[in-house]
Amino acid sequence: MVDIQLQSLDLNLWFGKNHVLHDVSLPVYKHQVTAMIGPSGCGKSTLLRCFNRMNDLIPGTRIEGRALLGDADIYAPKADVSKLRSRIGMVFQKPNPFPKSIFNNVAFGLQIQGGFSKAEISNRVEESLKAAWLWEEVKDRLSSSAMSLSGGQQQRLCIARALANRPDVLMLDEPTSALDPQSTAKIEELCLELKHNVTILIVTHNVAQAGRISDQTAFMYLGELLEFGPTERVFTVPADKRTEAYLTGVFG
Amino acid sequence: MALMLVLTALFLVLFLVRMFSQGAKVLSWDFLFTAPRDAMRAGGIYPALVGTFLLTALSMVVALPLGILTAIWLTNYGKPVWLVNILRVAINTLAGTPSIIFGLFGMAMFSNLLGFDISLLSGGLTLAILALPVIINNTEQAISSVPEDFREASLALGATTRQTVSRVLLPTALPSILTGAIISIGRVAGETAPIMFTAATFYSRQLPKGLGDEVMALPYHIYALMTEGTHPTEQVPIAYGTSLVLLLLVISISAAAIWIRSSIRRKRQW
């Protein structure tokens, strides 16, 4: 039995009166890649943002049900949201490095946590950039602006920035949709490498991408989790007709 | 259209030519750095120059922190909504208030009620209130124009709202905030009405020794020379000279703002 690192249990979410997620129970297994697929507006990004409570930023959001990181209740009244977010890294659709140097982008998480020496920070920056396969490209210009990097490099910088907190989970929200095929391939390979150390939850529009990199696939449709299982099984013998229709490109 | 353009340009040229030709006659180092003499019929404008500098500096010391903090609150905390709405109405009303009203208010509030009298302090505070809506609106715009992506990235890394403001939003918005601050300096330096009843004095051979002293100021000096002067032949040229100095001051302040803004635009990469 594989450990569950992150999960939602009968999770319901409303934006105002709009019921966006319906009784979603999704397990995310430790040190595996879990892919969430489904048509636009099906709630996959919203579910992702439930796990690090980014939906808290949207006024009028109401949540019922539970979400757990390990055994810890993410929505417990006394939960420390900052700490939670440092344990669940997030990479966004559009690369969004800060207008700071490469070094300070990666160091950001440690700087705000405080209590790290300069040497520790600089070691962690190097470790994270290496883990995100960016070190060789930037090691001679750590002090130049992150904005000078290419789109693919910026996205790997964002991955390094999230990894610097040594999170338990790395969530990626359509991380390659703004990138060219070559950069996309690199990020996909990177995910396969990273999963040995960190649990990965990825939202993708690209069915083929889910097939290439994920161990588990979750198919969401109109706010419901219609299907969840090992990627191989979901892709070959989907239990739900709508999954099959989506995978074969009948809609989406 | 073309006619309007020519007319506008013509007025501007006439204005500048007049100011420079009349003002330049009296302009000299002596004019800038000596005090008026002989009941303001001769001498320079040094006390007024210093007075305007002090009034402006004091108003910025008060208005900048207050305005920037208010804008931060409005953009990042802003609850409850009714309070935000009231505050916005108040700010916009302030922004549209004629400056003489600020003068009267300053006199009632600072000079009389708080007992600061006619002083540098009363005038500086009155000018600060005048500058406040400009600074708040500008800072709010500067902060809101920082891409939402940066805020999300910061929060998602575990930063608190306060850390996000101080480490991401403010540094990113700082150049625009500064530009707005400089523009409001230009506005404050040229105001006459707010300091008329609160800070300014006709004539003083001495520089103010503290916050409680009256001061001379460039715009008020012009006003005094033109309305109360008893020797127009000698005093009108001095008024032109003073006007030219004030004009050059305000123009160079605006130029600095434009320069900063354009250099930001060149560097900005998002």
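Quick note: the coordinates plus some simple rules give every number you see, no bench work behind them. Model, not experiment: these values are computed from the prediction. Virtual Cβ from ideal backbone geometry, glycine too; neighbours counted across all protein chains shown.
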| field | Those chymotrypsin sites (Phe, Trp or Tyr not before Pro) in segment B:1-96 that DSSP places in a loop and that have at most 15 other beta carbons within 10 Å | value | none
| field | Top positive-direction residue, dipole computed over segment B:198-270 with Cβ charges, set B:TRP259, B:PRO208, B:GLY229 | value | B:TRP259
| query | Do the sum for chain B: with -39,500 (n - 2.57) for every DSSP H run of n ≥ 4, divided by all residues, what is the mean residue ellipticity at 222 nm, to the nearest 500 deg cm²/dmol? | reply | -23000 deg cm²/dmol
| task | Could you tell me how many degrees, from 0 to 90 and to the nearest 10, lie between the Cα long axis of helix A:118-131 and the main elongation axis, the longest principal axis, of the Cα atoms of chain A? | result | 50
| message | If a paramagnetic tag sat 7 Å from the Cα of A:HIS205 along the Cα-Cβ line, which residues of segment A:16-40 would have the backbone N under 20 Å from that point? | response | A:35-40
| query | Placing +1 at every Lys and Arg Cβ and -1 at every Asp and Glu Cβ, with all other atoms neutral, what dipole size does chain B have around its Cα centre, in debye to the nearest 20? | reply | 720
| query | Between A:SER148 and A:LYS30, 0.36 nm times their residue separation minus their Cα-Cα distance comes to what? | reply | 39.0 nm
| request: Determine the distance separating the Cα centre of segment A:183-252 from the Cα centre of segment A:94-133; give it in Å without decimals. | output: 30
| What angle do you read, to the nearest 10 degrees and between 0 and 90, between the alpha-carbon axis of helix B:170-189 and the longest principal axis of chain B? | 20
| field | Gaussian network model of chain A, Cα within-10 Å springs - most flexible of A:VAL207, A:VAL28, A:VAL125 | value | A:VAL207
| query | Along the charge dipole of segment A:96-252, Cβ charges K/R +1 and D/E -1, which of A:ALA185, A:SER150, A:LEU170 sits furthest on the positive end? | reply | A:SER150
| Overall form of segment A:21-120 per C-alpha gyration tensor (a/c, 1.5; a/b vs b/c) | prolate
| task | Starting from the amide H of A:VAL203, placed 1.01 Å from N in the peptide plane, find each other amide H under 5 Å away whose residue is 5 or more places distant or on another chain. | result | A:MET36, A:LEU172, A:ASP173, A:GLU174
| query | Put +1 on the Cβ of each Lys and Arg and -1 on the Cβ of each Asp and Glu in the protein assembly as shown; which of B:ALA217, B:PRO36, B:LEU55 then has its Cα farthest toward the positive end of the dipole? | reply | B:PRO36
| task | Name the long-range amide H neighbours of A:TYR221: under 5 Å, sequence gap of 5 or more, or other chain; modelled H, no Pro or chain starts. | result | A:LEU226
| said: Charges at C-beta only: +1 for Lys and Arg, -1 for Asp and Glu. How large is the resulting dipole of chain A about its Cα centre, in Debye rounded to 20? | reply: 660
| task | Using the Cα centre as the reference, give the magnitude of the dipole from point charges on the C-beta atoms of segment A:1-128 (Lys, Arg: +1; Asp, Glu: -1; all else neutral), rounded to the nearest 20 debye. | result | 400
| Using modelled backbone amide H atoms (1.01 Å from N, in-plane), which distant-in-sequence or interchain residues come within less than 5 Å of A:ALA67's amide H? | A:LEU9, A:ILE74, A:TYR75
| query | Summing -39500 (n - 2.57) over the DSSP H runs of n ≥ 4 in chain A and dividing by its residue number, what mean residue ellipticity at 222 nm do you reach, to the nearest 500 deg cm²/dmol? | reply | -10500 deg cm²/dmol
| note | Any lysines whose Cα falls less than 27 Å from that of A:LYS139, other than same-chain ones fewer than 8 residues away, would be A:LYS94, A:LYS100, A:LYS118, A:LYS130, A:LYS186, A:LYS195, B:LYS267
| note | Averaged over the residues of B:161-174, the number of partner chain Cβ atoms within 10 Å of each residue's own Cβ comes to 2
| request: Can you tell me the 0 to 90 degree angle between the C-alpha axis of helix A:181-194 and the longest principal axis of chain A, rounded to 10? | output: 90
| Tell me, what HN-Hα J-couplings in whole Hz come from the Karplus equation 6.51 cos²θ - 1.76 cosθ + 1.60 at θ = phi - 60° for each residue of segment B:223-239, using x for Gly and Pro? | 4, 5, 4, 7, 9, 9, x, 9, 10, x, 4, 8, 8, 4, x, 5, 4
| remark: Of B:GLN141, B:GLN206, B:GLN163, the most mobile residue in a GNM of chain B (C-alpha springs, cutoff 10 Å) is B:GLN163
| message | Based on alpha-carbon centroids, what's the gap between segment B:227-270 and segment B:150-195 in Å, whole number please? | response | 24
| remark: Expected sort for A:CYS158, A:CYS42 with the fewest Cβ neighbours (10 Å cutoff) up front is A:CYS42, A:CYS158
